[in-house]
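What follows is a single structure, written as structure tokens, with notes after it.
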Amino acid sequence: QVQLVESGGGLVQPGGSLRLSCAASGFTFSGYAMSWYRQAPGKGRELVATITSAASTNYADSVKGRFTISRDNAKNTMYLQMNSLKPEDTAVYYCSFQGFLTRYWGQGTQVAVSS
């Protein structure tokens, strides 16, 4: 069955960096656009970045120039390189894709940015 497993979250100081990974299985990873979402405490889930099957990318204005989304189809893995992190980036980060009838989600990985 479809599985999305995020990793790489943690506690980092403002200005620091983290790289999140999303390991995918159970579907043809290379054929789907993949996205990172995040949900901060007390807020709704927000789209952070998307990478298409052709590796075109889109970013939320709040992360443009700081975050980079990428994918390795040989490894069935998507990444989110996060630089110049800010306290407002604190959230649970989820990887996701839209299947035929269902949007699939991973379990999330916590990112906390604090001094």
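The values are calculated or read from the model by the stated rules, or taken from the named source; none is laboratory data. Keep in mind the model is a prediction, meaning the values are calculated, not measured. Positions of Cβ are generated from backbone atoms using ideal geometry, with glycine treated the same way; all protein chains shown enter the neighbour counts. Side chains are part of the model used for accessible areas, which takes the heavy atoms of the whole protein and leaves out ligands, DNA and RNA. Shrake-Rupley method; radii C 1.70, N 1.55, O 1.52, S 1.80 Å.
General remarks:
- Scanning the range 40-73 for residues that are closer than 19 Å to Gly9 by Cα, assigned to a strand (DSSP E or B) and open to solvent by 60 Å² or more (accessible area, probe 1.4 Å) yields a total of 4.
- Residues that are modelled with pLDDT of 95 or more and open to solvent by 50 Å² or more (accessible area, probe 1.4 Å), drawn from the range 1-22: Gln3, Val5, Ser7, Leu11, Gln13, Pro14, Gly15, Ser17, Arg19
- Taking the listed residues Ser35, Ser62, Ser30, Ser17, the one that is within 14 Å of Leu85 (Cα to Cα), in contact (Cβ under 8 Å) with a residue 40 or more places away in the chain and among the small types (Gly, Ala, Ser) is Ser17, with no other qualifying.
- Total residues in the range 93-114, condition of a type in the set (A, V, I, L, M, F, W, C) and crowded, with 18+ Cβ neighbours inside 10 Å: 4
- Selection status of Asp61, of a type in the set (Asp, Glu) and under 24 Å from Gln1 (Cα atoms): no
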